[in-house]
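Please treat every number below as a calculation from the coordinates, not as lab data. As the structure is a computational prediction, the values presented were derived from the model and not from experiment. Every residue, glycine among them, receives a Cβ derived from its backbone with ideal geometry; neighbour counts consider all protein chains shown.
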Amino acid sequence: MAELYEHNRIAYEAVVSMLARTGRAAVIHPTGTGKSFIGFKLCEDNPDKVVLWLSPSEYIFRTQLENWRAADFKVLQGAHFDSISEMQSDLIRNKKNIEECRASGELSNIRFYTYARLMLMQQKELVELRPDLAILDEFHRAGAQRWGDGLQKLLKIYPNIPMLGLSATNIRYLDGQRDMADELFDGNIASEMTLGDAIVRGILNPPKYILSAYSCQKELERYRDRIRNAKSAAVRTEAEKYLDALRRALEKADGLDEVFRKYMTAESDSGIQEKAGQTDKAEKPYEKGQSDTAGKSNTKEQSGRFGKYLVFCANYEHMQEMIAKVPEWFAKVDPEPHVYSVYSEDAQAEAEFARFKADESRHLKLLFCIDMLNEGIHVDDVSGVILLRPTISPIIYRQQIGRALSAGKKQGENAVIFDVVMNIENLCSIGTVEDEMQAAVRYYRNRGESGLIVNEHFHITDEVQDCMRLFRKLNETLGASWELMYQAAEEYFKKHGNLEVTKRYTTEDGLSLGQWLDTQRKVRAGKVKGVLTEDRIAGLDRLGMRWESKSDRNWERNFAAAQAYYREHGNLLVNVRSGKYGGVELGKWLAQQRTYKKNGIRGNYLTHERIKALEAIGMVWDVPDYLWEQNYHAAVQYHREHGNLDVPYYYVSPDGVKLGVWIANIRFARRNEGSGRAELTKEQAARLDELGMIWENKNRAVWERSYAAACRYRKKYGNLNIPVAYVTEDGCHLGRWIRKQKETYRSGMSEERKKKLAALGVG
């Protein structure tokens, strides 16, 4: 039985307890902390249960399983090793294949599938799985639409299956900030740890973080375009000043060849050998036939100049471009570096990765990769990572640096991270890691657990500090500085006496004042990050700043009217068409609140507290649907005028009813029962039928009417030789319709329609 590290043991016990109580448990731990071992331990402790293990990749799973079995083999054999990585290396060197563990039949209860494979499985195949437990590795990936569809098909068949989720994050940052722990596990998080917390506790070693600026020249061009397109003359003038200063600073900055030489060579680590007047042996070229034993020693020289580095690239073309730069960038470190490359579409990727792992030569080893090593795959003797791809997603960014942090911990060293992309998102990401560390330090000290604090800080070496400062100032200027925006707010106040502007309001100079004011409200409410000091708040207060949002003001105005109505009438049964009360359309607003509550929408507006506040003044949620009646009344008026309910989608009635949208919504609800939209009663459907409601798809109905018109024309005249501009007496644009059918006959038309048109001689 393999042993778990302390942090994973505690998490495992929480998982077992939570699964017993709720049937759902998620573990959110940083990359490199051994999350998969928690899943394998659960499988090992439940050998009689069939475990469905879902993962983004079979390769990831097999690598994780080999790591687990290697740890298990260590315990079974009673061998002594200082680390799992040391034991694995010994197994490989002595050809004691991990198959020896596999042959014992351990973890034979696992049924592995990728999310992609699950998506393609038929109903019968899913039924035959009969799992007792499901483990979702990298569960945030199950939020992708098609992969998620496969998982939902499984959960419809087995809705009560116990489920464990493992991931470094529960948030899909580029997908509307969706929280997959809420969506898949009902918020049942058994254990959560930030990257900063893991570094503070010594679970991961702090990195040596090197900031450089390979792409600064490209950034310079991009900022030049942004300045040229800025609407405000004041912004353009200020930004040009910083751009000129930035250009001069970049001319003085070191190139990448010097950056890599300084931080990959032995002298940069501790100044051994050379500072004592000895020759740096790492400078000697590697001689053919030379023994590799010197290269196997765990020295800083080995982990630097002759170390292994993961180089993350954006795509295949970018990777090839970066590999071509190797002689230019790394010649001062090693004239003959060993270069490897892996990417998911390459059939040789696994073999190439194995060669990289086994390479112990006295040469610099560079593995260029595209996403493939972000998740689940570990390289124990990595000296560092090189970030060459602009990374918007915090998930990918943290996975990439996590590869180095976990390897550094196993080697007892601080791995090096070269961030040479210089994009703002990455810099913000490393800043958040520092914030997480400080939060963890405060937490443990407040709890009297200072003994858990191993690391309080990590060092960032900024090779282009002046450039960074200028980039930030330039970015701030183009976004309009706080002082500049406050000046615009002050000018508006002097002219209008208030700051009541719409969110889209822009000044004559092109400054987005409305959006800026809205941001200040969100910063003060803690909804977004920003700097809003007491002096700044006081300054805005002097201009009459309303800190509540427009949505909050809307609620307060309508709720005040509802309170007044209740005091006067003793109830809130206000007719939708009763007009205004207290200056607001109270009947319509109350009907909207009933709709929100019934359908479970607009939860940010109709909060639990607001629901209670309405109920305290007599709100009755289940009343005749006055809003429906208002829309139906508009439908009757439209039918009287046009003789049908063929309402254009964007049609709005003279009294302001969005009739086209309403008709489309109830048509959708009728065709898709259970969709979550309010369903019609039989009486309501019958009343619409009396007006000639067309329930099927509107486009289909239009096609059928046009086809019927074509049939009548051909029967009368014997052909369809109609001018494009021809319109029938009842308003059908038949000529235009026939031309369109001819154009689309061979590109995207159903077989049913083709047969109908062929019968008329159209094709």
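Tabulated values for the structure
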item: Segment Ala331-Asn719, extension gain: residue separation times 0.36 nm, minus the distance between their alpha carbons; result: 131.8 nm
item: Computed label-point distance, nm, for sites Glu240 and Asp179 using a 7 Å Cα→Cβ extension; result: 4.9
item: Separation in nanometres of the label points that stand 7 Å from Cα toward Cβ, at Arg146 and Arg602; result: 3.7
item: Residues Tyr5, Tyr713, sorted so that the one with the fewest Cβ neighbours within 10 Å comes first; result: Tyr5, Tyr713
item: GluC sites (Glu not before Pro) lying in DSSP loop within segment 486-560, provided at most 10 other Cβ fall within 10 Å; result: Glu508
item: Nearest-0.05 FRET efficiency for Thr461 and His733, computed from C-beta distance (R0 56 Å); result: 0.20
item: Residues with amide H under 5 Å from that of Gly165, placed H, sequence gap 5 or more; result: Ala25, Ala26, Val27, Leu136
item: Segment Asp45-Lys740, length gained on full extension (0.36 nm per residue, minus Cα span); result: 243.7 nm
item: FRET efficiency for Glu751 and Phe112, using Cβ-Cβ distance with R0 set to 45 Å, rounded to 0.05; result: 0.65
item: Simple label model, 7 Å out from Cα along Cβ direction - Thr502 to Ser361, nm; result: 6.7
item: Environment charge at Ile135 (Cβ cut-off 14 Å; Lys +1, Arg +1, Asp -1, Glu -1); result: +1
item: In Hz, Karplus ³J(HN,Hα) per residue of segment 756-763 (6.51, -1.76, 1.60; θ = phi - 60°; x = Gly, Pro); result: 5, 5, 4, 5, 9, x, 9, x
